[in-house]
Structures are given as structure tokens and as C-alpha cells.
Amino acid sequence: MSDDTIRVLVVDDERPIREAYRELLSAPPTAKLTEAELLRARLFDRESRKPTAATDFEVHTAESAEGGVNAVRAKLESGESFDVVFLDMRMPPGPDGAWAASAIRAMDPNVDIVIVTAYSDADPGEISARIPPAEKLFYLHKPFHAHEVRQLAVALGRKARAEARMRRLAYFDPLTGLANRELVREHMSKALALAKRHGRRLAVLFIDLDNFKRINDTLGHSVGDEILKATAQRLRDVVREGDTVTYMASQLARMGGDEFLLLLPEIAETKDAAIVARRIMRAHGTPLQAGRHELFITPSIGIAVYPDDGEDIETLLRNADLAMYFAKRTGRSTFQHYDASMNATALKHLTMENQLRGAIDRGEFSLHYQPQTDLKTGRICGMEALLRWSNAELGDVPPLEFIPVAEESGLINAIGDWVLHAACAQASAWLHAGLPLERMAVNVSAVQLGQPDFVDRVAHACQQSGLDPSVLELELTESALIANLDRARETLDRIKALKVQIAIDDFGVGYSNMNHLKELSVDRLKMDRSFISGIAKHERDRAVSSAIISIAQGMKLRVTAEGVEDCEQFDVLISQHCDEIQGYYIARPMAAAEAEAYLRTLVRARRAAG
């Protein structure tokens, strides 16, 4: 069936009249139109085109007012609607056309209704007042010429299709075909009114795709669009497969970007929303095919329930969004119910972000330095630069708290540049002073690594400070590298071309493997402290650390053990032939002046030893 097919419903109690409508709308039009018909065409069809044989009609009929109402309801439930409804005013016995028009208008506010009436049947003004809006209610007076019916059906059908296209542009997302923000808010308003009236619960699920921006920026917007369309289809499938009231009345929408919303207007218990969230998570358990790329795309979901988590649209949307943000903070690829305590945490987050914005200008950042020791020679082989933040309002803020905020807000790029320049300048100063320093390690976030000019920024920091690039080492996490292996490989190759060293930080806690390491230009692994804390007491921890050291060294990679705090751990690592250690057992992180004094002490001790 063509998209231009005009769907018509004829409601009349006389079968011959119903059949006459069907025959008339199925027959080709005559070539000649009366002046009155041309005038009517101009009124209803701005293009003033007469109906042609190419105009297709899908004609449905009903013999009573109740039958007409049921036909409209069934059409809507099928996902379609009628363009025009012809209603006979008098259909004894039972309700008349005015009753049917009122009931139909309540179900479908967009359909054009034509009241077919004798002049003596009713007052048009009275009917229009009962069945607004007036611009979608028309009259055809008996007796009428047959071609008037066809012309009116064509004109109103075309008008209905044009209006439907406009509504689709206004209320539906053109990429995914889902409802947009405006339409879902209308649905929420109606659903909330019903929930309040009947004492029901209602749930809002706010869905955001993990790492979508990085994928979109790296692989291009065409791949990003394919991901969004595939995600929309997965969400439709989840809703379609549900067989309860929770699913059947649900409404899906794309809120913008990679954000989606699922409205569940009737749930029995809060746990019903969690059941739906789990189904969404399972639906994303397999990779998506986007062009030539096979990608795992996971969602983070926030849930807010009426009336517990809000009694109006704005509050429910805000709290579902906030719960989604906490789902991302707790590891992504999960869901969270809204909790009132989240507001206090969100306020703290906002305050921290605002304070971070001026921290560089206020001189609130500083670097502390922790030594790294070569276990074969016993000498200091490097320093790791560790960022510290002291704020007048918030006090000393731990990096584990402010670094995620800086990454989410995009401030990490400016902060990371400051760290890079400060660490390079300090390393250059120590070397010019004759102090022993083979390596200055600087942590780099995934956000920084994803910047197109990141390598240029590294080169500029070395050039401006006068530091030999071979002294600089960049520490990157596994997740930052493996998220987009092709892009990471290219970036690391460019970094290595500068002679800068590369280490993988917190190795073992992510999801990389040794095969990936073979593809990357890496110099060193930093074994995560979680493997070190138990190596003196637990055989399994010793086995893990020994395996990492053995395989890495077999690949010509050096290994640094992080978080070494006592002599027992030190002795185990010596026995396992670990290359380097870092931790409180050697020295705590020190401010620049203290670290310089520490290095000078080592120089004096070395000279004294001859």
C-alpha cells in the first residue's frame, strides 16, 4: 500500500449507502469538475489539484456509531489512523453521529470528521461547540452530488497526510523514528494525570550509552548514527517482547544525543522497573555491527518512580538523569534507582566542578613526587608526578574524587596540560642541577589521549621546558588504550616517534590481554597494588604477580610493582625478579622541595660511598 493511500471510514446505518461510498471512492474521477467543486478543492487542497485516478483509498465501513468508534480504536491500536471519517448524523436506534464524533475525537484529536446531515438534523454551531476543534469538523449536506464526496475525501486526505508529516517532524526523531523530547513530555503529562487519578505507580528509565562520544569522535558520525539506530531497535524489541501492562503502554523516546527515555506508565511495584532495566542490559550483551566495525555498546540506566521519586515531570526527569549519572560513576553498564542522598552528592560534584574551573589561575594545584627504585641496582630510576589540589572552600581534595569530575566536565585537558608542563619543567631543573633522574612519569587520562592534538601538546611541553623527551614517561590505563585499539596504536606510535616512554598503569585490573600488548608500543607495565597487598600472605596473589612479571619480561617489557609497603612484599618481589618497585616502603610522595632534598641526599650518599 502506498504511503499516499487515504484511509477513510464510513459510518452509516444503511448498507446501500456504505457500498455507494466504497464504489464511489474506488472509481476513477470524471474529467470535469463543477465550479463549486473547484472552490471546495481550493479551500481544502492548496494545490487545487482535482482528484486523479492515481488517488488510492482504503475504505472501511461501520453500520453504527458504536461500530465506528470501535473501528477507530482498532486502527489506532494497529499503529495507524484514519485520515477522514464520514459520519451519518442519524443512525437509529442507538447513539447518533454527534456522539460518535465526540468519542472518536477523544481517541484521535487529529482525524478530520465529516458530519453527513440533512439541514434539519442539527445545528452545526452546536455540534462544533461539542466537538472541537472547529477546523477539523466538516459538514456535507444531503442531498449531495457523488463527486462532492470524492473531492472532499481527497482534499481532507491530502490535508491529513500533510499534517501527519508535520506532526512527525515536530514530534519524532528523524534518525531513529522514536518519539522526541516534546512528544514524550506530552505522554508523561497524560500518564501522570492518570497515575494520580487511579493511585498507580509510574517509572521513568533514563538511558545513556557508555563511551558513545569517544566512539563517535573516533569512528565518525556515520558510525555513531548506525549505533543510535541499532540501539533504538534493541529498545523497541525489549518493549515489544514484553507481555504485561508494564510494556504494552510504554513509550520510547530519544531525548537527544545518545540519551533515550523509556516511560512505563503503569507498574505494580518499583522492582518492575528494575526487571525492564535488566532486560535492556541483556539486550546489549552482544556486539553491534556498525559499518565494518563490531562494537560492544553498553547502556547506563537511571530509574525514577512516581510518586516516590517525584510528582511532576521535571522532578522525575531530573532524578532519573541523576540516577543514570550515578550508574556511570559506579562502573557503567549498570542501572541505579534514584535515592535522595544522590542530591547531596550531586551538589558536592557541582561545587567541585565550579571550584576546579578556576583552580589553575588561583595556583591551587601542586605536584608531589614519588620515587621508583630499580631492584637490581638499588638506585632511584624515576619519579612519578602526582597531582594534588588544595582549595580554600573544599580543603585538600583526594585525586580519586576530583579527577573523575575533571574528566566528565572536560576540564582534565587544561589540568593535564598544566601537569605535563610542570612535571617537564621540574625534571629539566633537577637534571640541570646535576641530580639523578632517569625518568619523570606523568599520568594521562583517556580524555586527554583522545584529543587530536595530544601528541603535539606533549612535544610542546618537552620543547618549552628543554627536557629531553626520552626522560618523559606517560602512564596510561588499560581501558584508555583498549577502548579503541586502532586509534591507540596510531597515537602511541606517534608518541614513541618523539622518544617518549610509555607505561601501562594499574595493569591487571582492566580487560586487556598480552595479545593487545604485542600490538602497542609499550615500554613498561605497572602492576596494580591490588596484586601486591597480599603477595606475602596468599599463594594466589604470588602466582598472579609471578605470571605477570614472567610474561612481561618475556616480551621485553619492564615491570614496576606499585604499592609496596613492607619488607615482606619487597622480599617476594626480589625473589620473583621484578624490575622496579614504588611505594611507601621506599618513600611517600613528596613536595618538590622535599623531593629535591631527597635526591641530593642520594647524591651525597653515593659520593660518600666512593
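Provide Rg and Dmax in Å for segment 181-339, with only Cα atoms included in the calculation.
15.3, 51
Among the DSSP beta bridges whose two residues both lie in segment 366-441, what percent are antiparallel, rounded to the nearest 5?
85
On a 0 to 90° scale, report how tilted helix 592-608 is relative to the longest principal axis of the chain, with both axes built from alpha carbons and the result rounded to the nearest 10.
The angle comes out at about 30 degrees.
Would you kindly state how much longer the chain becomes between E438 and H141 on full extension, computed as 0.36 nm times their sequence separation minus their alpha carbon distance, in nm to one decimal?
Extra length available between E438 and H141 comes to 97.2 nm.
Using a 10 Å cut-off around each Cβ, can you sort Y306, Y369, Y585, Y325 from fewest to most neighbouring Cβ atoms?
Fewest-to-most Cβ neighbours within 10 Å comes out as Y585, Y325, Y306, Y369.
What fraction of the DSSP beta bridges in segment 181-339 is antiparallel, stated in percent and rounded to the nearest 5?
Percentage antiparallel, nearest 5: 90.
Could you tell me how many degrees, from 0 to 90 and to the nearest 10, lie between the Cα long axis of helix 15-26 and the main elongation axis, the longest principal axis, of the Cα atoms of the chain?
Once rounded, the angle reads 60 degrees.
Evaluated at 37 °C with a viscosity of 0.692 mPa s, what Stokes-Einstein diffusion coefficient in µm²/s does the chain have when Rh comes from the Kirkwood expression over alpha-carbon pairs?
In µm²/s, the coefficient rounds to 110.
For T334 and L194, compute 0.36 nm times the residue count separating them, minus their Cα-Cα distance, and round to one decimal in nm.
47.4 nm
Quick check on my link table: of K190/K328; K271/K328; K229/K271, which ones sit more than 24 Å apart, alpha carbon to alpha carbon?
K190/K328; K229/K271
Tally the DSSP beta bridges in the chain and give the antiparallel ones as a percent, rounded to 5.
45
For the chain, calculate the relative contact order in percent as a whole number, restricting contacts to Cα pairs under 8 Å that are 6 or more residues apart.
Rounded, it is 8 percent for the chain.
If you bin every alpha carbon distance in segment 338-479 into 10 Å steps from zero, what whole percent lands in each bin?
Each 10 Å bin holds this share of Cα pairs: 10, 37, 32, 15, 5, 1.
Could you list D505, D361 in order of exposure, starting from the residue whose Cβ has the fewest other Cβ atoms within 10 Å?
D361, D505
Could you name the aspartates and glutamates whose alpha carbon sits less than 12 Å from that of K213, not counting residues in the same chain fewer than 8 places away?
D225, D258, E259, E408
Taking Cα pairs under 8 Å and at least six residues apart, what relative contact order does segment 181-339 come out at, in percent?
Over segment 181-339, the number comes to 29 percent.
How much FRET efficiency would the formula 1/(1 + (r/R0)^6) give for K376 and I482, where r is the Cβ-Cβ distance and R0 is 45 Å, rounded to 0.05?
E(calc), rounded to 0.05, equals 0.90.
What's the exposure ranking of C578, C567, going from fewest to most Cβ atoms within 10 Å?
Fewest-to-most ranking of C578, C567: C567, C578.
Within segment 456-591, how many Lys pairs that are eight or more residues apart, or on different chains, come under 25 Å at the alpha-carbon?
So the count of such lysine pairs works out to 10.
Separation of segment 313-331 and segment 469-503 by C-alpha centroid, Å?
34
Relative to the longest principal axis of the C-alpha atoms of the chain, give the angle of the C-alpha long axis of helix 313-329, reported between 0 and 90° and rounded to the nearest 10°.
Tilt of helix 313-329: around 30 degrees.
Taking a point 7 angstrom from the Cα of S409 along the C-beta vector, which residues in segment 437-456 have backbone N less than 13 Å away?
Answer for segment 437-456: none.
Okay, helix-only estimate at 222 nm for the chain: each DSSP H run of n ≥ 4 adds -39500 (n - 2.57), divide by all residues, round to 500 deg cm²/dmol; what do you get?
Helices in the chain give a 222 nm mean residue ellipticity of -15000 deg cm²/dmol.
Read-outs throughout are calculated quantities, based only on the coordinates presented, and are distinct from any laboratory measurement. If you're wondering where the values come from, they're calculated on a predicted model, not measured in any experiment. Cβ atoms come from the backbone with ideal geometry, glycine included; neighbour counts cover every protein chain shown.
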